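Asks: Okay, handing you the structure first.
What follows draws every value from the coordinates through simple rules; no lab data is involved. Quantities reported herein were computed from a predicted structural model and do not represent experimental measurements. Virtual Cβ from ideal backbone geometry, glycine too; neighbours counted across all protein chains shown.
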Amino acid sequence: MPLNYLNLDARTRGFMVEEIDMSVKDGSIYLSNFLTAAGKHDWPGLLSTAAATGSDATLANELSRTNG
């Protein structure tokens, strides 16, 4: 069941993407040990895309689709 994103507008999504980008650049993005090597590689891009245009449900779907 996805989260209910009340008042999640384009400006807020932009801030989310900026935070993800900063974490990737400084190497502080969290990569779970439950991710495969491919999942760790794909995670930052999938997370950024979900923050920009999707949801936790689309993120989960894409992660399972690409890293089955």
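Asks: Hey, what does the equivalent ellipsoid look like for segment 20-68, semi-axes from the Cα gyration tensor as sqrt of 5 times each eigenvalue, largest first, whole Å?
Replies: Here the semi-axes work out to 17, 15, 7 Å.
Asks: Next up: Using the crude model of +1 on Lys and Arg Cβ and -1 on Asp and Glu Cβ, and no other charge, please compute the dipole size for the chain relative to its Cα centre, in debye to 20.
Replies: Once rounded to the nearest 20, the dipole reads 120 debye.
Asks: Find the relative contact order for the chain and round it to a whole percent, using C-alpha pairs within less than 8 Å whose residues are 6+ positions apart. Numbers along the way, then the final one.
Replies: Values: 42 pairs, mean separation 27.8, N = 68.
Relative contact order, the chain: 41 percent.
Asks: Projecting each Cα onto the charge dipole of the chain (Lys/Arg +1, Asp/Glu -1 at the beta carbon, about the Cα centre), which of ALA52, GLY27, LEU63 comes out farthest on the positive side?
Replies: It is LEU63.
Asks: Taking the number of other C-beta atoms within 10 Å as the exposure measure, put SER48, SER55, SER28 in order starting with the fewest. Kindly include the intermediate steps, with their values, before the conclusion.
Replies: Values: SER48 21, SER55 15, SER28 8.
Placing the least packed residue first, the sequence is SER28, SER55, SER48.
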